[in-house]
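To start, the structure under review is shown below, and the notes come after it.
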Amino acid sequence: MTAGILPQKENRWTVRILSTGGVFSAAELKRIAGLAERFGSGHVTATSRGTMEIDGIAADKLDGLLDAFHESGLRLGGTGATVRSITACKGTACVHGAFDVAALAVRLDAAFVGQPVPKKFKIGVFGCWNSLGKACSQDVGILPAGPGTFTLHMGGMMGRTPQLGIQIGTPVPAARLFEVIEYLLGVYRRQGEAGERFGRLLLRRPELAAQIQRDIVSLCN
Ligand code: SF4
């Protein structure tokens, strides 16, 4: 199945459109609206990860939509066993935001979104601890620590059996953040079973979770 295409009831289809950190330009929104009117139900659904979905697409209109999509400059994705779209808060503009959340989300998107993993992997970035709960429900949740450093939570998830992420016991300097996420993705790819979420792997292998904590301390110091 092509990334970003989901089956619906009654032989209809949905396409999921990636934003960058939850942001679409007004021009992109107009293009999405036009495609929804031409090929879908005329409705657009906003998702919790900042993507947009055009739904109600009849099977015989799907190919036409995909052709139109390729010319639109929009990105399909956010499905399957991949790193999913980056969730980001409004911390760039919000009075509580401690750093430029949108800029970091753009860089995280470019570095990681769409990479293959055993199940799916969700990264969220938030400008203050008001979103601790959201950070704890990501595979990697990023919050501000001191100046130029971040606090990470790993292995959180929602779904049928939600679990809170585990706080990584050392602040992660901004200069090491991408290296740490690469390392976590590498552990997940090497040690995770097909279909297993990262959080389940950490629960199943507590010694691995402890080793990760030690390795990140080494990476960051
Ligand atoms: S998490 Fe904090 S910085 Fe981000 S939007 Fe909420 S209050 Fe603002």
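Only the coordinates and a few stated rules stand behind these numbers; no lab work does. Because the structure is predicted, anything quoted here is derived from the model rather than measured. Cβ coordinates were reconstructed from backbone atoms using ideal geometry, including for glycine residues, and neighbour counts include every protein chain displayed.
Per residue, the average separation of C-alpha pairs within less than 8 Å and at least 6 apart gives the stretch 1-97 a relative contact order of 36 percent.
Each principal axis of the Cα atoms in the stretch 42-121 has its own extent, and those three values, largest first, are 48, 32, 22 angstrom. For the pair residue 100 and residue 6 in one chain, pulling the backbone fully straight at 0.36 nm per residue adds 30.5 nm over the alpha carbon distance. At full extension, residue 174 and residue 43 could sit 43.2 nm farther apart than now, given 0.36 nm per residue minus the alpha carbon distance.
Taking K and R as +1 and D and E as -1, what net charge do the other residues with C-beta under 12 Å from the C-beta of residue 201 add up to? Here the count lands on +3. For residue 57, the shell of other residues with beta-carbons less than 14 Å away shows a net charge of -2, using +1 for Lys and Arg and -1 for Asp and Glu. The share of Cα pairs per 5 Å bin across the stretch 5-76, counted from zero up to the longest distance, runs 3, 18, 32, 27, 14, 5, 1 percent. As a proxy for reagent exposure, 117, 106, 95, 101 were ordered by neighbouring Cβ count within 10 angstrom, fewest first; the result is 95, 106, 117, 101.
For the stretch 87-220, the Kirkwood hydrodynamic radius comes to 14.8 Å, computed from all pairs of different C-alpha atoms.
Look at 15, 44, 187 and count the other Cβ atoms within 10 Å of each Cβ; fewest to most, that gives 44, 187, 15. Taking other Cβ atoms within 10 Å as a rough exposure proxy, 99, 126 sort from fewest to most as 99, 126.
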